[in-house]
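**Student:** Got a structure for you, questions after.
The values are calculated or read from the model by the stated rules, or taken from the named source; none is laboratory data. What you see is a predicted model; the values in this text were computed from it and never measured. Cβ placement follows ideal geometry from the backbone for every residue including glycine, while neighbour counts extend to all protein chains displayed.
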Amino acid sequence: MKVHQVPQDDSILEGHSRACYAQDGNGQYLITKSRGWQVEAIANRQALSDVEEKIAQAARDVGEGRASPLAFHMACFHMNAGLLAAHTGIWSLRIRRHLRPSVFARLPDRLLQRYANAFGIALSSLKRGPNSGQEAP
Amino acid sequence: MSALESPTPARFDHVHAAHCESGAFAALLRHHGLNLSEAMVFGIGSGLFFLYLPFVKIYDLPLISYRDMPNAIIARGARRLGVKLVRTRYRDPERGMRALDQMLAIGQPVGMQTGVFWLPYFPRDMRFQFNGHHVIAYGRQDNDYLLSDTVFEDVVRCPADDLRRARFSKGPLAPRGLLYYLESRAQQPDIERAVRAGLRTTVSRMLNIPLPLMGVAGIRALAGAVAKWPLRMSGHAARSHLANVIRMQEEIGTGGAGFRFMYAAFLDEASAILGRPALHEASAMLSDIGDRWREFAVQGAQLIRGDGGKAGTAPAAYKSLSVILLECASREREVFRAIGAAL
C-alpha cells in the first residue's frame, strides 16, 4: 500500500486515528495515520448488528416474561452463559436456570450482587433489566 | 485501596504504533534505551502467523488470527534481545492493583494485559470481549491511571475501577492481572542474530506446522471454508463469518492487511541489517500480497453491504473471495520459502 492509498474515511474511530504501514515514493515503509476505512466500518457494523439483535431479542424476552433481566444484561455485556460463568464463578448451568424469570425472582440479593459486581452495575439496575435505562458501559 | 502517588508528574515517551503488543514492548525497550522500531520488535518476536480454528468459537464465530498467540512476541523478543523481564500474574485484584501502584511510585512504567471491553477510552463501537490487549501504565493522578496505549495517537487516562476490571477480565485469554517490566537488558544485544532467529521461527511456523489450520495451510483451510459458508448457513450468518475475518485483518490494529505490511517493513530493515538483498525482494512480494489481502477485504465488505449482486449470486461471490485467499496462500508460501533460502 502506498501512502496516498491509505484510507481516510469516516469510520468507527470517533476522531482518533490508527497507524497504518504504507510505502512512500521510494518504496520506503512509513507509519501513516488513517482516520478509518469504510471497509472496516462495514465489517464492524455487521458484528455490532448481531450484538444489537441479541440485546433487542433479550429485551423482548424479558418484556414478555420469557427471560429474566439477567438475560438482557448478559447480552448488553457481549456475554453468553459460559463467559458470565468465568466472570462470576457461578456454574453456567446454574446461570442458565437464573435466566428463567420465576427462578430469578427468588434469588437472594447476595447472589444477585455477584452478577451486579461482574457487570459493574448497581443491584437495582440488575433487577430492573431493560427498563432501567442501563446500557452496556 | 491506598492511593500511592507518583513522586513527580510522570512522563512517558508515547509513540503511536499499529499493534498493541509489539508497540507496547517497543515502547518499554525504548524507555530503557534500546531503540527499535515496532516492525523490528514484531519481526524479532516472530509475530506474523495465520491461524484458523473453526471449532474454537468466540461469541459464535470461529477463531481467526493473523498473528501468533498473545504474549508470544514479548516472550520471544525478550529472549532474543537479551532482555530480562519480570512477569507477574495475580489471583487477587486488590493485590494486583497495589503491585501496579508500587511500580509506578518508583517511576517504573509497566506493561499490562487487559480486556478491551472494559477500557472506557476505546471508541464505543470497538469495545468487544477480547482479553489480549496490551497497554503501558506510566503514572497515576488521583483516581486515574495514565496510560500509553500505543494504538492511540496520544496518551490516555483510565479510572482505577475500569482498569481493575480490564486487568481482571475473565474468559478466553484471561489476563489475570499480568504486569511486566524490564529488570535488566544486555548492553549490546546481537541484533543480527535476533533478526535471523525471528525470521527462522516465522518461516518454520508458516510453512512447516503439520496441521492444516496453521500458517499457509491455515489460509488454504479458510479459503475452503469461505467458499462453503453460503451453502452451509443462512445469508446473514455467512456475512457475519466474513465480517469476522475482515475485522481480525483490519480493525483490531494490524497496521493493514493483517500485519503483512508491518512484516514487509521488518523485512526491509532486516535486509539492510543482514545485508541480504533477497529479503528486500521478499518485502516487495509481501507488500503485493498485502494489497491482495486488502482487495479481499474490499470485496468482502461489498458482499456484506449487499451491493455485490443479488442473493442468488452469493455463492459465486464467496467463491471468488476464496480464490483470492488461495492466491494469498500460495504467494505467501513462495515468500517464506525465499526468506528461508536467503538465511
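**Student:** Regarding A:Gly27, is this residue exposed (fewer than 15 other Cβ atoms within 10 Å of the Cβ) and either away from chain B (no Cβ under 14 Å) or within 25 Å of B:Pro172 (Cα to Cα) (or both)? Outline the logic, then answer.
**Tutor:** Values: exposed (fewer than 15 other Cβ atoms within 10 Å of the Cβ): yes; either away from chain B (no Cβ under 14 Å) or within 25 Å of B:Pro172 (Cα to Cα) (or both): no.
So A:Gly27 does not fit the description; no.
**Student:** Let me ask something else about it. Only one of (1) surrounded by 15 or more Cβ atoms within 10 Å (Cβ to Cβ); (2) at pLDDT below 95; (3) hydrophobic (A, V, I, L, M, F, W, C) fails for B:Leu325. Which number is that?
**Tutor:** So the condition that B:Leu325 fails would be (2).
**Student:** List the number of the failed condition for A:Thr32; all other conditions in (1) free of Cβ contacts under 8 Å to residues at least 12 places away in the same chain; (2) closer than 17 Å to B:Ala257 by Cβ hold.
**Tutor:** Condition (1) is where A:Thr32 drops out.
**Student:** If you don't mind, there's one more thing I want to ask. Kindly indicate the residue of the range A:101-126 that is of a type in the set (Gly, Ala, Ser) and under 17 Å from A:Ala71 (Cβ atoms) and also nearest to the chain's Cα centre (by Cα) among those meeting that condition.
**Tutor:** As a first pass, look at the range A:101-126 and keep what is of a type in the set (Gly, Ala, Ser): A:102, A:105, A:116, A:118, A:120, A:122, A:124-125.
This time we only want the ones that are under 17 Å from A:Ala71 (Cβ atoms), so: A:102, A:105, A:116, A:118, A:125.
Numbers: A:Ser102: 26, A:Ala105: 25, A:Ala116: 16, A:Ala118: 14, A:Ser125: 17 Å.
Residue satisfying both the conditions and the ranking: A:Ala118.
**Student:** Quick check, is B:Pro93 at pLDDT below 95 and either in the same structural domain as B:Gly171 (by TED's automatic domain parsing) or crowded, with 17+ Cβ neighbours inside 10 Å (or both)? Give the derivation first.
**Tutor:** Details: at pLDDT below 95: no; either in the same structural domain as B:Gly171 (by TED's automatic domain parsing) or crowded, with 17+ Cβ neighbours inside 10 Å (or both): yes.
Criteria not met by B:Pro93.
**Student:** Do we find a residue being of a type outside the set (Gly, Ala, Ser), within 8 Å of another protein chain (Cβ to nearest Cβ) and not in a loop (DSSP other than H, G, I, E, B) anywhere in the range A:54-70?
**Tutor:** To start, the set of residues in the range A:54-70 that are of a type outside the set (Gly, Ala, Ser) comprises A:54-55, A:57, A:60-62, A:64, A:66, A:69-70.
Adding the requirement that they be within 8 Å of another protein chain (Cβ to nearest Cβ) leaves none.
No, the range A:54-70 has no match at all.
**Student:** Let me ask something else. Report whether or not A:Gln28 is in contact with a helix residue (DSSP H, G or I) (Cβ under 9 Å, 6 or more places away or on another chain), closer than 30 Å to B:Ala18 by Cα and at pLDDT 95 or above. Explain how you work it out, then say what you get.
**Tutor:** Values: in contact with a helix residue (DSSP H, G or I) (Cβ under 9 Å, 6 or more places away or on another chain): yes; closer than 30 Å to B:Ala18 by Cα: yes; at pLDDT 95 or above: no.
Here the answer is no, as A:Gln28 does not meet what is asked.
**Student:** Based on this model, can you work out whether A:Phe77 counts as closer than 30 Å to B:Gly256 by Cα, surrounded by 14 or more Cβ atoms within 10 Å (Cβ to Cβ), outside the structural domain of A:Tyr21 (by TED's automatic domain parsing) and touching a helix residue (DSSP H, G or I) at 6+ places or on another chain (Cβ under 6 Å)?
**Tutor:** Details: closer than 30 Å to B:Gly256 by Cα: yes; surrounded by 14 or more Cβ atoms within 10 Å (Cβ to Cβ): yes; outside the structural domain of A:Tyr21 (by TED's automatic domain parsing): yes; touching a helix residue (DSSP H, G or I) at 6+ places or on another chain (Cβ under 6 Å): yes.
Yes, satisfied.
**Student:** Let me ask something else. Test each condition in (1) more than 8 Å from every other protein chain (Cβ to nearest Cβ); (2) closer than 30 Å to B:Arg294 by Cα; (3) of a type in the set (Asp, Glu) for A:Glu40 and report the one that comes out false.
**Tutor:** A:Glu40 satisfies all of (1) more than 8 Å from every other protein chain (Cβ to nearest Cβ); (2) closer than 30 Å to B:Arg294 by Cα; (3) of a type in the set (Asp, Glu) except (1).
**Student:** Anything in the range A:9-24 that is within 8 Å of another protein chain (Cβ to nearest Cβ), surrounded by 16 or more Cβ atoms within 10 Å (Cβ to Cβ) and under 30 Å from A:Pro130 (Cβ atoms)? List them, or say none.
**Tutor:** First pass over the range A:9-24, keeping only residues within 8 Å of another protein chain (Cβ to nearest Cβ): A:12-14, A:16-23.
Of the ones still in play, those that are also surrounded by 16 or more Cβ atoms within 10 Å (Cβ to Cβ) are A:12-13, A:16-23.
Correct list: A:Ile12, A:Leu13.
**Student:** Taking the residues in the range B:160-195 that are basic (Lys, Arg), part of a helix (DSSP H, G or I) and crowded, with 18+ Cβ neighbours inside 10 Å as candidates, determine which candidate is nearest to the other protein chains (Cβ to nearest Cβ). Before the answer, list the steps.
**Tutor:** To start, the set of residues in the range B:160-195 that are basic (Lys, Arg) comprises B:164-165, B:167, B:170, B:176, B:185, B:193.
In the following step, the residues that additionally are part of a helix (DSSP H, G or I) were identified as B:164-165, B:167, B:193.
Filter once more, keeping what is crowded, with 18+ Cβ neighbours inside 10 Å: B:164-165, B:167.
Details: B:Arg164: 10, B:Arg165: 6, B:Arg167: 13 Å.
Among those that are basic (Lys, Arg), part of a helix (DSSP H, G or I) and crowded, with 18+ Cβ neighbours inside 10 Å, it is B:Arg165.
**Student:** So if I check each of B:Ser46, B:Ser6, which one is polar (S, T, N, Q) and either modelled with pLDDT of 95 or more or in a helix (DSSP H, G or I) (or both)?
**Tutor:** Details: B:Ser6 fails: either modelled with pLDDT of 95 or more or in a helix (DSSP H, G or I) (or both).
After ruling out the rest, the residue left standing is B:Ser46.
**Student:** Continuing with the same structure: Just to be sure I understand the filter: pairs with C-beta atoms under 9 Å, separated by 6 or more residues or on different chains, first member in the range B:1-27 and outside the structural domain of B:Asp142 (by TED's automatic domain parsing) and more than 30 Å from B:Ala257 (Cα to Cα), second member among the hydroxyl-bearing types (Ser, Thr, Tyr) and modelled with pLDDT of 80 or more. Which pairs pass?
**Tutor:** Hits for this filter: B:Ser6/B:Tyr138; B:Ala10/B:Tyr138; B:Arg11/B:Tyr138.
**Student:** I'd like the residue in the range B:247-278 that is buried (at least 24 other Cβ atoms within 10 Å of the Cβ) and among the aliphatic types (A, V, I, L, M) and, out of all such residues, is farthest from the other protein chains (Cβ to nearest Cβ).
**Tutor:** B:Ala270
**Student:** Checking the structure you have, find out if any residue of the range B:246-261 is under 20 Å from the mean Cα position of the chain (by Cα), among the aromatic types (Phe, Trp, Tyr) and in a helix (DSSP H, G or I). First the steps, then the outcome.
**Tutor:** If we filter the range B:246-261 for residues that are under 20 Å from the mean Cα position of the chain (by Cα), which is where we start, we get B:246-261.
Subsequent filtering for residues that are among the aromatic types (Phe, Trp, Tyr) retains B:259, B:261.
From the residues that got through so far, the ones that are in a helix (DSSP H, G or I) too are B:261.
Scanning the range B:246-261 turns up at least one residue that is under 20 Å from the mean Cα position of the chain (by Cα), among the aromatic types (Phe, Trp, Tyr) and in a helix (DSSP H, G or I).
**Student:** Could you list, ordered by first residue, the pairs with Cβ atoms under 7 Å in which the first is in the range A:118-130 and in the same structural domain as A:Gly89 (by TED's automatic domain parsing) and over 20 Å from A:Gly82 (Cα atoms) and the second is polar (S, T, N, Q) and assigned to a loop (DSSP other than H, G, I, E, B), at least 6 apart or interchain?
**Tutor:** What qualifies is A:Ser125/A:Gln134.
**Student:** Select from the range B:227-245 the residues that are among the aliphatic types (A, V, I, L, M) and buried (at least 24 other Cβ atoms within 10 Å of the Cβ) and list them in ascending order.
**Tutor:** Applying the first criterion (among the aliphatic types (A, V, I, L, M)) to the range B:227-245 yields B:227, B:231, B:233, B:237-238, B:242-243, B:245.
Within the range B:227-245, B:Leu242, B:Ala243, B:Val245 meet the criteria.
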